[in-house]
Every structure is written in structure tokens, then in C-alpha cells.
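Below: one structure, written as C-alpha cells.
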Amino acid sequence: MNSLSIVLAASMTAVIVTFAPARSAAQCTASGSGGSCTLASSASVVAGRVIRMQMSATSTTLAAPTPTDFDAGFNLTTGPTLTISANSAWRLYLRSTTAVWSATNTSPGAPARTNKPVADLRWSTNAGGPFVALTTSDVNLASGTATASNASTLYFRTLYSWTLDTPGNYDLTLVLSLTSP
């Protein structure tokens, strides 16, 4: 079983609203029948950059390889859909937390491959590719301008080798970082 855990990281700025009386403290007095009093006031807001990332799932179980996948050298899995909302320009980055997959033995006498490189997982935002090798450095996955809803689906191509990829459970943690430059 191959699984993928996804950790979210985002940076955002809050919106601050303040209400203040006009220029200096003011007072108003009314007396008598039908008297009224009116004071002017103002409101201001500082709207900072606000970004949001929503994911359809926080983990993806990669498709288990078949003999046909080993012959082809890879298989494909559809990952989560990421939806970005932002009131300014934004960038979405992707990276792995480690250079190799974690491996757990599942078959006596056939130890799991402990040096399976992170580059054996390729990603794309297009089902047909091109696919980019995952690294431990942030790579720009997508970017855009202010939007109420920009959705992208991640697609994964996992590489397999008959002679290297022994039975086992393999796990990898990915980090998606959304920033507003």
C-alpha cells in the first residue's frame, strides 16, 4: 500500500476594522421638546491580503502497482482537488518533507526498499502531464490573481521498477504552501 499524507501550510493577513469619532471627541446636547442631536463619525478598514486553500482530501492512497504497471514503469493516481480563494496575487508551492519514502516491511524475506527516492513520485495539474519529479524544495505548483475560486486537481505518477521496488508499505508526506507575495 502506498499512501500520501498532505500537510497544509498557509500564510494570511487578517482584516482590521476600526470605528473612531471624527477628528476629536465631540459631544452633542439637546433640550426641550423635539430636540435632537447629531454627531458625525467615520469608519475605516484596513483590508490585508486574505488567502484560503481548501482540499477535497488531506491524504491520497496511491494505486497499488500491477504487473502491467511494473512493465510500464509507472502508474497513475488522481489526487486531491485544491481550491484557492484570494483577494490578491497568490502562489501555491509543493514539496516533500523527506528525500526518501518511509518503508515498512510486509513480506518476510523481502525487505521493503528503504531508499526509494522522492523523485519516484511525479505530479501534474493535468491528467495527461507533463509530470514533474517531486523534490524537497518548494516548487511552484500554481499561481494566480485575485479569485473567488480557482480549482486544480493534483495527478500523481508513481515510478516502479521490478528489480528495486520490493513489497512493503511506502509513505510520503507532502507540504502544500499557499502564499500571497
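Of all residues in the stretch 7-35, those that are under 30 Å from Leu121 (Cα atoms) and modelled with pLDDT under 50 total 5. If you check Thr81, Thr60, Thr77, Thr104 for being closer than 27 Å to Thr166 by Cβ and surrounded by fewer than 14 Cβ atoms within 10 Å (Cβ to Cβ), only one passes: Thr104.
Looking at the stretch 156-178, which of its residues are part of a strand (DSSP E or B) and buried (at least 18 other Cβ atoms within 10 Å of the Cβ)? Before the answer, list the steps.
Looking only at the stretch 156-178, we keep the residues that are part of a strand (DSSP E or B), and these are 156-159, 169-178.
Answer for the stretch 156-178, where residues must be part of a strand (DSSP E or B) and buried (at least 18 other Cβ atoms within 10 Å of the Cβ): Phe156, Arg157, Thr158, Leu159, Tyr170, Leu172, Leu174, Leu176, Leu178.
Considering the stretch 95-134, and only residues there that are of a type in the set (A, V, I, L, M) and in contact (Cβ under 8 Å) with a residue 60 or more places away in the chain, the residue that is nearest to Thr61 (Cα to Cα) turns out to be Leu121. For the stretch 128-177, residues that are in contact with a strand residue (DSSP E or B) (Cβ under 9 Å, 6 or more places away or on another chain), more than 19 Å from Ser102 (Cβ to Cβ) and among the aromatic types (Phe, Trp, Tyr) total 2.
The values are calculated or read from the model by the stated rules, or taken from the named source; none is laboratory data. Note that this is a predicted model, so its numbers are computed, not measured. Positions of Cβ are generated from backbone atoms using ideal geometry, with glycine treated the same way; all protein chains shown enter the neighbour counts.
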